[in-house]
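The values are calculated or read from the model by the stated rules, or taken from the named source; none is laboratory data. This one's a predicted model, so the numbers in the text were calculated from it and none came from an experiment. Backbone-built Cβ (ideal geometry, glycine too); neighbour counts: all protein chains shown. Heavy atoms of the whole protein, side chains included, go into the accessibility calculation; ligands, DNA and RNA do not. Shrake-Rupley method; radii C 1.70, N 1.55, O 1.52, S 1.80 Å.
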Amino acid sequence: MKKYNVVVLGATGAVGIEFRKILLERKFPIDKIRFLGSSTVGKQIEFGDRTVTVEAVGDDSFKGYDIGLFSAGAAISKQVARRAAESGCVVIDNSSAWRMEPDVPLVIPEVNPDDVDWNKGLIANPNCSTIQMVVALKPLHDYAKIKRIVVSTYQAVSGTGLKAIEELGIQVKDIVQERPVSQRRVYAHQIAFNALPHIDVFLPNGYTKEEMKMVNETRKIMGDDSIGVTATTVRVPVYHGHSESVNIETEKKITPEKARELLENAPGVIVEDDPAQNLYPLAINAVGRDEVFVGRIREDESISNGLNMWIVSDNIRKGAALNAVQIAELLIKKGMVK
Ligand code: 12T
């Protein structure tokens, strides 16, 4: 079996840690591996039976490497991704930097695998909240054509990175031990025992950038600009796993039973929907899992063709690292890596 030279940019961040786990778990065919970071340069990392030293990004970081898995934020990605691609390294970028660029495919392997065919060395991984929603909605769209989506998210702090996970822990401990909250650096407000209707920055239209990512990315991935999408994205004091309340209006009638059947046969989806047994998707159960979990599927009785559902997934896995590695596997399968 052919093996590939792989470079991970942002190798010690929350997504980087997951990249390393998933590459090993899935026995990704690796020849050379390189880990790049900024704050952790020089750190030695065990990777299978190798020990790899974290390096700083330099001019030659990508030369001789076939696949780049990037999760170092939009600013760094804007600086290096095109250059890496030009040097022959196919970049799969997890940041928001390139997602809406017309010459960059935005890919979820279960949804639009063939969009990788027109890549020019750079492929974008969608936003975590978008991925899990679209994995669940695509089979329903194919059957009944979705006209409009109304989504509210309940997003874990791990999406912001390791420093946010640490901050939630510190604040929870402070409050439980009846001390004043000692640290508030990551978010605009205390996150422990709270809910913040604010993810990423605010835009002139009153929405946050996270909300507009869900609107624009959903249309690009589905290849359908006629779908109306409106979103409210909320940070909740959960370490891992995003939850979403999703309402859809469809052109054709789709019953909850039909929706369950379609989703039970959909790739990457698990239906957990038995209210009598208190069974519905939960963030704590989705952690460490690859699939998107869907439940609470019920009719929207306020309109003629509408459904409500609850969609949960591990935001760092399917929402980030796993989806990117699946794109890399897809490129290999299609013979699109040199
Ligand atoms: N601000 O990939 O803070 O565009 O949870 C993902 C997650 C941006 C992104 C977050 C963010 C992205 C967050």
Exercise. If you go through segment 110-153 one residue at a time, how many are without any contact (Cβ under 8 Å) to a residue 40 or more places away in the chain and within 16 Å of the ligand (Cβ to nearest atom)?
Worked result: 1
For this session: Report, by residue number, each residue of segment 138-156 that is in contact with a strand residue (DSSP E or B) (Cβ under 7 Å, 6 or more places away or on another chain), open to solvent by 60 Å² or more (accessible area, probe 1.4 Å) and of a type in the set (Ser, Thr, Tyr).
Result: Tyr154
Exercise. Within segment 310-326, is there a residue that is among the hydroxyl-bearing types (Ser, Thr, Tyr) and open to solvent by 70 Å² or more (accessible area, probe 1.4 Å)?
Worked result: no
Problem set entry | Which numbered condition Gly159 fails, given (1) more than 16 Å from the ligand (Cβ to nearest atom); (2) surrounded by 18 or more Cβ atoms within 10 Å (Cβ to Cβ) | (1)
Problem set entry | Filtered residues of segment 234-259 (kept if more than 21 Å from Asp300 (Cα to Cα) and open to solvent by less than 10 Å² (accessible area, probe 1.4 Å)) | Gly241, His242
For this session: Determine, yes or no, whether Ile332 is away from the ligand (no atom under 16 Å from the Cβ), in a helix (DSSP H, G or I) and either exposed (fewer than 14 other Cβ atoms within 10 Å of the Cβ) or modelled with pLDDT of 95 or more (or both).
Result: yes
Exercise. What number of residues within segment 7-17 satisfy the criterion of being crowded, with 24+ Cβ neighbours inside 10 Å and not small (Gly, Ala, Ser)?
Worked result: 4
Problem set entry | Lone qualifier among Glu178, Glu166 - being within 16 Å of the ligand (Cβ to nearest atom), without any contact (Cβ under 8 Å) to a residue 60 or more places away in the chain and surrounded by fewer than 18 Cβ atoms within 10 Å (Cβ to Cβ) | Glu166
For this session: Report yes if Asp115 is in a helix (DSSP H, G or I) and not small (Gly, Ala, Ser), otherwise no.
Result: yes
Exercise. Residue check: is Trp98 within 12 Å of the ligand (Cβ to nearest atom) and aromatic (Phe, Trp, Tyr)?
Worked result: yes
Problem set entry | Index of the failed condition, Phe62 passing every other in (1) at pLDDT 95 or above; (2) farther than 16 Å from Val337 by Cβ | (2)
For this session: For Gly48, state whether it is farther than 22 Å from Lys338 by Cα and touching a helix residue (DSSP H, G or I) at 6+ places or on another chain (Cβ under 7 Å).
Result: yes
Problem set entry | Search result, residues across segment 78-94 that are without any contact (Cβ under 8 Å) to a residue 24 or more places away in the chain and within 16 Å of the ligand (Cβ to nearest atom) | Lys78
For this session: Check segment 145-158 and report whether any residue there is part of a helix (DSSP H, G or I), touching a His at 6+ places or on another chain (Cβ under 7 Å), in the same structural domain as Pro267 (by TED's automatic domain parsing) and modelled with pLDDT of 95 or more.
Result: yes
Problem set entry | Yes/no for Gly58 being more than 16 Å from the ligand (Cβ to nearest atom), among the small types (Gly, Ala, Ser), over 30 Å from Thr255 (Cβ atoms) and open to solvent by 40 Å² or more (accessible area, probe 1.4 Å) | no
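Looking only at segment 291-309, which residues are without any contact (Cβ under 8 Å) to a residue 60 or more places away in the chain and open to solvent by less than 60 Å² (accessible area, probe 1.4 Å)?
Passing the criteria: Glu291, Phe293, Gly295, Ile297, Asp300, Ile303, Gly306.
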Seminar exercise, completed: All-but-one check, Asp200 against (1) of a type outside the set (Val, Ile, Thr); (2) open to solvent by less than 20 Å² (accessible area, probe 1.4 Å); (3) under 24 Å from Ile149 (Cα atoms), failing number (2)
